[in-house]
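Contents: one structure, followed by commentary.
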Amino acid sequence: MAKINISDMLTSYDKKKLTIATVCSHSSLQIFNGARKEGFKTLGISVGEKKKYYDAFPLGRPDEFFVVKNYKDILKYTDELREKNVIIIPHGSFVEYLGPDKFLTLDLPTFGNRKVLEWESDRKMERKWLEGAGLTMPREIKDPKDISCPVIVKYHGAKGGKGFFIAKTYDEFKRRIKKNKKYVIQEFVMGTRYYLHYFYSPIQNNAFKLSKGSLQLLSMDRRDETTIDEVQRLGSIAELEELGIHPTFVVTGNIPIVMRESLLPKVFDMGASVVEKSILLFGGVIGSFCLETVVTENLEFKVFEISARIVAGTNPYVAGSSYSEMIQPDLSTGRRIAQEIKYANKKNQLEKILT
Ligand code: AMP
């Protein structure tokens, strides 16, 4: 990772005029709305053109738009953006479209620990982290010839589940696999999906206590994925596959959800051990992260992915969730991020939450 010195970058900043900035997409309405509630100025980096739909949401609209031709151009304007005292809130689309390598070299103060990227974007490293934290992941099938149960085949770097497919036999796998693309094969876990939205603060001790700092559970969602989630409207998957129609896993939206309360201790245990392990491995995941899980009929969690920043699944909760309501009314993840920056600024600890 390129050396970015956060202290140097912040010395030129006017700390009374910090501006929360992100790319206009994904969860940006929520991020701007939350920042506004905490009294921050906001800046929306708009790729291509100024996005007109923001005019329809005055409380989610950034105070200022910064229009760039394409994502890569953001790198050309970092001096100008620093003059505006911006703090970048990265979201999934920001990192994906700018490209992880470029994101690592972006010389703008960025919320969260950018070192997490190498642990999150490489499936082997991700497994080392999560299993090292004691979590159970879906079994990986190394050799497709060993497929003896339903599996899901995932291409590397696939955006929003694109191209993923289910196979039940080696023959089916052979028929559907795209040559020259890297992939992993996982057992398809039967159960119900919960995407858990945590917030870890290394500098505040007012929630679920960890060895350093504390952990909150702000909300959870279930992703709405086309076509798998509605495929049954046309018949069973088996029937459709006979006709050559295969379900896909492309995310189109998010559905709010709560979990039976008796599962919450496990939810906190998992979140806590993921954070503790991350502290040992790379200095800690900071701020928002999401564990993507399936709960089996034995009420066991299988975690198939981690997202180490604000996820779009938090968007149903601009005005708070059933969980965040018991922390503070009207608390979204976007707002919680703004609060963390505000608190760190007040305590002169911005270096502890920005990289
Ligand atoms: P991912 O890109 O890993 O988040 O996966 C995309 C979607 O595929 C998820 O949101 C789930 O609906 C589904 N999925 C991923 N892994 C598994 C698994 N091991 N078992 C069952 N469903 C899965």
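Only residues that are β-branched (Val, Ile, Thr) and touching a Gly at 6+ places or on another chain (Cβ under 7 Å): list them for the stretch 23-64, please.
Result: Ile31, single match.
For (1) free of Cβ contacts under 8 Å to residues at least 12 places away in the same chain; (2) of a type in the set (Asp, Glu); (3) not in a loop (DSSP other than H, G, I, E, B), each residue gets a yes or a no:
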site	(1), (2), (3)
Thr314	no, no, yes
Gly320	no, no, no
Glu325	yes, yes, yes
Gln328	yes, no, no
Leu331	no, no, no
Arg335	no, no, yes
Ala338	no, no, yes
Tyr343	no, no, yes
Asn348	yes, no, no
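Exactly one condition in (1) of a type outside the set (A, V, I, L, M); (2) at pLDDT below 95; (3) in contact with a Pro (Cβ under 9 Å, 6 or more places away or on another chain) is not met by Phe188; state its number.
Here Phe188 meets the rest and fails (2).
Tell me the residue from Lys277, Lys302 that is assigned to a strand (DSSP E or B), open to solvent by 30 Å² or more (accessible area, probe 1.4 Å) and out of contact with any Cys (no Cβ under 9 Å at 6 or more places or on another chain), please.
Answer to the check: Lys302.
Hey, Gln204 hits all of (1) open to solvent by less than 20 Å² (accessible area, probe 1.4 Å); (2) in contact (Cβ under 8 Å) with a residue 24 or more places away in the chain; (3) of a type outside the set (D, E, K, R) but one; which does it fall short on?
(1)
Mind checking which pairs have a first residue in the stretch 271-282 that is farther than 11 Å from Gly213 by Cα and a second that is part of a helix (DSSP H, G or I) and among the acidic types (Asp, Glu), Cβ under 9 Å, 6 or more apart or different chains?
These pairs meet every condition: Phe282/Glu118.
Identify, from the list Tyr53, Tyr97, the residue that is within 20 Å of Ser332 (Cβ to Cβ) and hydroxyl-bearing (Ser, Thr, Tyr).
Tyr53
Does any residue of the stretch 216-232 turn out to be open to solvent by 60 Å² or more (accessible area, probe 1.4 Å), modelled with pLDDT under 95 and within 14 Å of the ligand (Cβ to nearest atom)?
For the stretch 216-232, residues open to solvent by 60 Å² or more (accessible area, probe 1.4 Å), modelled with pLDDT under 95 and within 14 Å of the ligand (Cβ to nearest atom): present.
For the stretch 2-31, which positions are free of Cβ contacts under 8 Å to residues at least 40 places away in the same chain, of a type outside the set (Lys, Arg) and assigned to a helix (DSSP H, G or I)?
Of everything in the stretch 2-31, those that are free of Cβ contacts under 8 Å to residues at least 40 places away in the same chain, of a type outside the set (Lys, Arg) and assigned to a helix (DSSP H, G or I) turn out to be Asp8, Thr11.
If a residue must be more than 22 Å from Ser332 (Cβ to Cβ) and crowded, with 17+ Cβ neighbours inside 10 Å, how many such residues does the stretch 251-273 contain?
So the count comes out to 2.
For the stretch 285-296, does any single residue satisfy the condition of being under 20 Å from Asp122 (Cβ atoms), of a type in the set (S, T, N, Q) and surrounded by 24 or more Cβ atoms within 10 Å (Cβ to Cβ)?
Checked the stretch 285-296: no residue is under 20 Å from Asp122 (Cβ atoms), of a type in the set (S, T, N, Q) and surrounded by 24 or more Cβ atoms within 10 Å (Cβ to Cβ).
The values are calculated or read from the model by the stated rules, or taken from the named source; none is laboratory data. What you see is a predicted model, and the numbers here were worked out from it, not measured in a lab. Here the Cβ is made from the backbone with ideal geometry for all residues, glycine too, and neighbour counts use every protein chain on show. Please note that ligands, DNA and RNA were not included when accessible areas were found on the heavy atoms of the full protein model with its side chains. Shrake-Rupley method; radii C 1.70, N 1.55, O 1.52, S 1.80 Å.
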